[in-house]
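Below is one structure, written out as structure tokens, with a few remarks after it.
The values are calculated or read from the model by the stated rules, or taken from the named source; none is laboratory data. Note that this is a predicted model, so its numbers are computed, not measured. A quick note on method: Cβ atoms are made from the backbone with ideal geometry, for glycine too, and the neighbour counts reach across all protein chains shown. Heads up: the accessible areas ignore ligands, DNA and RNA and are worked out on the full protein's heavy atoms, side chains in. Shrake-Rupley method; radii C 1.70, N 1.55, O 1.52, S 1.80 Å.
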Amino acid sequence: MTVAELTATTGPARRNAERTPWFDWMVTPTLVVLAVVVGYPIVYTLLLSAQDYNLLDFEPANFVGLDNYTTLFADSIFWTSLLNTAIYSFGSVSISALFGLALALLSENIVGRHSRMVRSLLLMPWAVPFVVVAFLFRYMYLQNGGIINALLLWAGVIAEPVPWLNSASLAMPAVMVANIWAMTPFFFLLLSAALSAIPNEVIEAARVDRAKTWSMVFHIKLPFLRNPLLIGSLLMLIANFNDFAKIWAMTQGGPGYSTSTLVIYVYRLAFENFEFGYASAMGVIWLLLLLVFAVAYLRALRMG
Amino acid sequence: MSLLDKRWLTLIGAASAVAMLSASAMAQDKITVTFANWASAEGTTRDALEKIIADFEAANPNIDIVSETISFSEIARQLVLRARSGNPPDVAQIAGNDTILLAGTGTLEPLDAYPSDQLKANIKPGALSTLTVDGKLIAFPWNQSPAGLWYNKEILKAAGLDPENPPKTIPEITAALEAIHASQPDVIPLGMDTTNRAFALTSNWPWMRVFGAVPVGEGATGANSPEMRAYLTWMRDLAQKGLIEPGRKIGEFRPLAAQGKVAFHWDQVLLQGVIQGTNGMSNEDFYSTWGVTTLPIGPNGTAHTFEGGHQLIMFGNSANKEAAWSFIEYLSTDAAAVDGYTVGVLSSLPSIVATGDPEVDAKLDTPIFNAFSTRVIPTLSPQPYGAEYAAAATAIMAGVQEAVTGNQPIDEIAASMQQQLDK
């Protein structure tokens, strides 16, 4: 195609684009739905966050400006919960991604009937509802009668039962183990699909060049897996930031505040203390943090 | 069509119209009372409640009871939301802090004027005082379920302790727990709820009071007090020696108690029903195996307990207050209701002295019920219930959990607890 031909075809297209109206009336129903289900709650939360709104107080709420935010930034439990959220989310996602990657690479060469069986087994935890996962691990972690302590005692690894969920230092790692168990299959599935999408020519070329296994993994496969890994990790980070069921069912944020995450703290403030104003202020901060991940996710998608 | 057929058709049509009109008039005459409760959500109580409702409707054909099922953990939230939106039920089952919480919204109907003098005279002493807020009776006691210190006599005997002479002081119970742990390591020496929820503070409050600690409420000495630190230190000592198992809810100890795996259990009167329902133990075996006593006394020399019974409330904007009250009265005082639900299913005590039915009253004459009525109930202490209670419970129980599960110095925990309470 010559330059003249290119100009001839792109010229009208550009003019058409210039004529495209900035607003298409066809999107109005979508915008209305979004305004109701997304816009209204966000705007109302913003308004509530500037009020001392308590559900038990039937008097009209007072406008308190940024007072809730000032209280929030001085609230040590908020900072503890934020730190716990970061540890829980980043820790679980990074370890699950590593395990998922390892499993995907290890099971890549299993073929035939065995492949289907192995893959089905590896994917099973993903099919278990999160609340069931939480209760499953809660009972497995029981200090007396839990299977984990029973096995460790039987094997002579520990001398006395360990209070997995009732120790301020062990509770968070214990909850994370349950979360990692449930989330690893997601990464396994994602990365297995990405591995199978690597062009055969690339693999063959590397083999012709006598690339060794590790070299193949680090120089050929991992670069191909980078984008799905990034997108999957961001998606899971957002999901873990909002994870309520597993933590609530296993520890309710305890012992003390050792597993209290932002979502647990907001729930307690809003639905146990009925402090909707203060809880909304925390919800706004939480929303802003999630927006950062969402923007990163969208950029990664575009790059991918 | 013949003339005769037409006449028949006219006659049938007229008769149907009259029947429909009279049915409609009857439906209009019938009063509907909505009853929000968690009893119909739970398998153990559902059938008994449905039977009581059916009995009440049979005895009051002009009243239709509509039972609205809400889980125990959700009922306060839902009632607050419904009260705010102007759509509460007529009557609701409620308990603990939630009763006082709802009274604080100002949407409850004061019940002082409803009970007759005869009923007032039949109510157990003190049963109404904890439900009176600002001089108004805001709820009616459906049943009483105070907590006592249950003990398994077989376990005590196996530990070389006197099963007929349970510990009476904190040093005595500590020594008994150590003896049990040493002789029977697979037994939980003391079952206590140390979760982080409002009920856990209710359950732990009498223990704190034994040490003289009053972290919040009337006469509060704060969480960072020597008494509170003494309580926290004792709790940590128990946990570190393996004498309590932190993190379990009160209900999670019950099946273990039924299996003979819990020596002492701080639980409500209903424990007997749960144990017998779980292991099928006869009354005779139960009374020879289990005993109940008051909480041990501490440095201040007094024992304490809490009331875990259920109450019934009526909302102020109910359109059928008289019918609602007759339902409340029926649930709480009718002999069949007391027999079939309060005693028969809940294993709890009625809030009235006598039902008027000798057979039912005879069922209340048992060693356990008598121990609760004569020794435990007199040690009932008020709880610091109110709008701030849930927030206080979170702060205090988080501190208790830190004491029993962590290594942070007790002074720091108490100071942090106070900081949270001051917020």
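Expressed in whole Å with the largest first, what are the equivalent ellipsoid semi-axes of the protein assembly as shown derived from the C-alpha gyration tensor as the square root of 5 times each eigenvalue? If you can, show how the numbers build up before the last one.
Details: eigenvalues 546, 322, 152 Å².
That gives 52, 40, 28 Å for the three semi-axes.
Report the FRET efficiency, 1/(1 + (r/R0)^6), for B:Ala58 and B:Lys249, where r is their Cβ-Cβ distance and R0 is 45 Å, rounded to 0.05.
Working: r = 38 Å, r/R0 = 0.85.
After rounding to 0.05, the efficiency reads 0.75.
Would you please name the chymotrypsin sites (Phe, Trp or Tyr not before Pro) within the range A:146-244 that are DSSP coil residues with at most 16 other C-beta atoms within 10 Å of their C-beta? Write down the numbers at each step before the final one.
On the way: sites: A:Trp154, A:Trp164, A:Trp181, A:Phe186, A:Phe187, A:Phe188, A:Trp214, A:Phe218, A:Phe224, A:Phe241, A:Phe244; in loops: A:Phe244.
Hits after loop and neighbour filter: A:Phe244.
What distance in nm separates the simple spin-label points at A:Arg299 and A:Asn200, each placed 7 Å from Cα in the Cβ direction?
Distance between the two pseudo-spin positions: 3.9 nm.
Tell me which GluC sites (Glu not before Pro) from the range B:93-173 have a DSSP coil assignment and no more than 16 other beta carbons within 10 Å of their own.
Values: sites: B:Glu154, B:Glu164, B:Glu172; in loops: B:Glu164.
When the GluC sites (Glu not before Pro) of the range B:93-173 are filtered for loop state and at most 16 Cβ neighbours within 10 Å, B:Glu164 remain.
If each residue of separation counts as 0.36 nm, what is the full-extension length gain between A:Ala155 and A:Leu98 once their alpha-carbon separation is subtracted?
Taking A:Ala155 through A:Leu98 to full extension adds about 17.7 nm, to one decimal.
Which value, in Å² rounded to 10, gives the accessible area of B:Ser282 with a 1.4 Å probe and all protein chains present?
Looks like 50 Å² after rounding.
Computed on protein heavy atoms with a 1.4 Å probe, what is the summed buried accessible area for the chain pair A and B, in Å² to the nearest 100? Before the final figure, lay out the partial values.
Values: alone 18550 and 18540 Å², together 34530 Å².
Using a 1.4 Å probe on protein heavy atoms, the buried area is about 2600 Å².
Just for the protein assembly as shown, what percent of DSSP beta bridges are antiparallel, to the closest 5?
Counting DSSP beta bridges with both partners in the protein assembly as shown, the antiparallel share is about 60 percent.
Using a 1.4 Å probe on protein heavy atoms, which residues of the range A:222-268 have at least 50 Å² less accessible area in the complex than alone?
Buried-area filter returns A:Gln252, A:Gly256, A:Tyr257, A:Arg268.
Counting heavy atoms of the protein chains only and a 1.4 Å probe, report the per residue accessible area for the protein assembly as shown as a whole number of Å². Display every interim value, and only then the final one.
On the way: 34530 Å² over 727 residues.
That works out to 48 Å² for each residue.
What do you get for the angle between helix B:170-183 and the principal long axis of chain B? Use alpha-carbon atoms, 0 to 90 degrees, nearest ten.
With both axes taken from Cα atoms, the answer is about 90 degrees.
Count, for each residue of B:193-204, the Cβ atoms from other chains sitting within 10 Å of its Cβ, then give me the mean as a whole number.
2
In whole percent, and with a 1.4 Å probe on the protein chains, what portion of the accessible area of the protein assembly as shown is carbon and sulfur? It would help to have the intermediate numbers written out before the result.
Numbers: 21600 of 34530 Å².
Of the solvent-accessible surface of the protein assembly as shown, carbon and sulfur hold 63 percent.
In degrees, nearest 10, range 0 to 90: what is the angle between the Cα axis of helix B:75-84 and the longest Cα principal axis of chain B?
Relative to chain B, helix B:75-84 is tipped by roughly 50 degrees.
Mind ranking B:157-163, A:291-297, B:224-230 by how tightly packed they are, going by the mean number of other C-beta atoms within 10 angstrom, highest first?
Details: B:157-163: 15.4, A:291-297: 13.4, B:224-230: 19.4.
Top of the packing list down: B:224-230, B:157-163, A:291-297.
For A:Ala127 and A:Ala245 in the same chain, what is the full-extension length gain: residue separation times 0.36 nm, less their Cα-Cα distance, in nm?
On the way: separation 118, 0.36 × 118 = 42.48 nm, distance 1.55 nm.
Here the segment from A:Ala127 to A:Ala245 would lengthen by 40.9 nm.
Which of the trypsin sites (Lys or Arg not before Pro) across the range A:235-304 are loop residues per DSSP, with 13 or fewer other Cβ within 10 Å? Could the numbers behind the result be given before it?
Details: sites: A:Lys246, A:Arg268, A:Arg299, A:Arg302; in loops: none.
Taking the range A:235-304 and a limit of 13 other Cβ atoms within 10 Å, no loop trypsin sites (Lys or Arg not before Pro) are found.
Take peptide B:409-416, look around each residue's Cβ out to 10 angstrom, count Cβ atoms belonging to other protein chains, and average those counts. List each step's numbers first, then the result.
Values: counts 0, 0, 0, 0, 1, 0, 0, 4.
Partner-chain Cβ atoms within 10 Å, mean over residues of B:409-416: 1.
What is the local net charge at A:Ala178, summed over the other residues whose Cβ is closer than 11 Å to its Cβ (Lys, Arg +1; Asp, Glu -1)?
Surrounding charge for A:Ala178 is +1.
With each label point set 7 Å from Cα along the Cα-Cβ vector, what nm distance links B:Ala354 and B:Thr278?
Distance between label points: 3.7 nm.
Give me the inter-chain shielding for B:238-248: mean count of other chain Cβ atoms within 10 Å, whole number please. Please list the in-between numbers first.
On the way: counts 0, 2, 0, 0, 5, 0, 0, 7, 7, 15, 4.
Mean number of neighbouring Cβ atoms from other chains: 4.
Got a sec? Charge dipole of the range A:61-303, +1 on Cβ for Lys and Arg, -1 for Asp and Glu; which of A:Pro199, A:Met183, A:Phe130 is way out at the positive end?
Value: A:Pro199.
If you line up the long axis of helix B:43-59 against the longest principal axis of chain B, both from Cα atoms, how many degrees apart are they, to the nearest 10?
40 degrees
Please work out whether chain A counts as rounded, prolate or oblate from its C-alpha gyration tensor, where a ≥ b ≥ c are the square roots of the eigenvalues and a/c under 1.5 means rounded, while otherwise a/b larger than b/c means prolate and anything else oblate? Kindly include the intermediate steps, with their values, before the conclusion.
Details: a/c = 2.67, a/b = 1.07, b/c = 2.50.
Oblate, because a/c is 1.5 or more while a/b does not exceed b/c.
Rank these residues by their accessible area, most exposed first, probe 1.4 Å: A:His114, B:His304, A:His219. Walk me through the numbers before you get to the answer.
Working: A:His114 105, B:His304 15, A:His219 135 Å².
Ranked list, largest accessible area first: A:His219, A:His114, B:His304.
Between B:Ala415 and B:Thr233, what is the label-to-label distance in nm when each label sits 7 Å out along the Cα-to-Cβ direction?
Computed distance between label sites B:Ala415 and B:Thr233 equals 1.7 nm.
Decide, for chain B, between rounded, prolate and oblate: order the square roots of the alpha carbon gyration tensor eigenvalues as a ≥ b ≥ c, take rounded if a/c falls under 1.5, and otherwise choose prolate if a/b is larger than b/c, else oblate. The partial results should precede the final answer.
Details: a/c = 2.49, a/b = 1.85, b/c = 1.35.
Prolate shape, in that a/c is at least 1.5 and a/b is the bigger ratio.
Leaving out ligands, DNA and RNA but keeping every protein chain, what accessible area does A:Tyr40 have, in Å² rounded to the nearest 10, with a 1.4 Å probe?
My reading of the accessible area for A:Tyr40 is about 140 Å².
State whether the range B:215-333 is rounded, prolate or oblate according to the following rule on the C-alpha gyration tensor (a ≥ b ≥ c being the square roots of its eigenvalues): a/c under 1.5 gives rounded; otherwise a/b larger than b/c gives prolate, and the remaining case gives oblate. Can you show the working numbers first?
On the way: a/c = 2.51, a/b = 1.24, b/c = 2.02.
Oblate is the answer for the range B:215-333, as a/c is 1.5 or above yet b/c matches or exceeds a/b.
First measure r as the distance between the Cβ atoms of B:Thr69 and B:Tyr287, then evaluate 1/(1 + (r/R0)^6) with R0 = 35 Å and state the FRET efficiency to the nearest 0.05.
On the way: r = 35 Å, r/R0 = 1.00.
E(calc), rounded to 0.05, equals 0.50.
Among the listed pairs A:Lys246/B:Lys423; A:Lys212/A:Lys246; B:Lys30/B:Lys51; B:Lys124/B:Lys157; B:Lys51/B:Lys124; B:Lys120/B:Lys261, which have their C-alpha atoms separated by more than 31 angstrom in this model?
Details: A:Lys246/B:Lys423 29 Å; A:Lys212/A:Lys246 42 Å; B:Lys30/B:Lys51 20 Å; B:Lys124/B:Lys157 36 Å; B:Lys51/B:Lys124 26 Å; B:Lys120/B:Lys261 42 Å.
Check vs 31 Å cut-off fails for A:Lys212/A:Lys246; B:Lys124/B:Lys157; B:Lys120/B:Lys261.
Based on the Cβ-Cβ distance from A:Ala193 to A:Ala86, what FRET efficiency comes out when R0 is 25 Å, to the nearest 0.05? List each step's numbers first, then the result.
Working: r = 29 Å, r/R0 = 1.16.
With a Förster radius of 25 Å, E is 0.30.
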